[in-house]
1. Counting other beta carbons within 10 Å of each residue's own, what order do R41, R35 fall into, fewest first?
2. Calculate for the chain the 222 nm mean residue ellipticity that helices alone would give, adding -39,500 (n - 2.57) per DSSP H run of length 4 or more and normalising by residue count, nearest 500 deg cm²/dmol.
3. From the backbone phi of segment 13-27, what are the Karplus-calculated ³J(HN,Hα) couplings (6.51 cos²θ - 1.76 cosθ + 1.60, θ = phi - 60°) in whole Hz, Gly and Pro given as x?
4. Where a ≥ b ≥ c are the square roots of the eigenvalues of the C-alpha gyration tensor, would you call segment 13-63 rounded, which needs a/c under 1.5, or, failing that, prolate if a/b is larger than b/c, or oblate?
5. So how do T10, T54, T23 line up by other beta-carbon neighbours within 10 Å, fewest first?
6. Given labels modelled 7 Å from the Cα in the Cβ direction, how far is it in nm from A50 to S8?
7. Counting pairs of alpha carbon atoms under 8 Å apart in space and at least six apart in sequence, what relative contact order in percent does the chain give?
Amino acid sequence: MDFSECPSITKCPFFNCLNLPGTANVLKNLYCKLRYEKCHRYQIKQRGAAVPETLWPNGQMAGKEQRR
């Protein structure tokens, strides 16, 4: 298993709009630092498609109360 970080970790817009810092840290550790190839955002970007800003790494969409 490759434990390299996601190449987009520093510029991912999802974490700039998420208003749940604890959840953001868990998601970053799970998806961005350990298994970024499992991230739905990364997968969509790799296909060349536009990634919705509010798409969570697990494929869910963030609600209004979760965004800044």
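A short reminder: the numbers here are calculations on the coordinates, not readings from a lab. Please read these numbers as outputs of a predicted model, since none were measured by experiment. With ideal geometry, Cβ positions are generated from the backbone for all residues, glycine too; neighbour counts draw on all protein chains shown.
1. So the ranking, lowest neighbour count to highest, is R35, R41.
2. Rounded to the nearest 500, the figure is -6500 deg cm²/dmol.
3. So the Karplus estimates, Gly and Pro as x, are x, 4, 6, 7, 10, 7, 9, 9, x, x, 5, 4, 5, 5, 5 Hz.
4. Oblate, because a/c is 1.5 or more while a/b does not exceed b/c.
5. By the 10 Å Cβ count, ascending: T10, T23, T54.
6. 1.4
7. So the answer I get is 35 percent.
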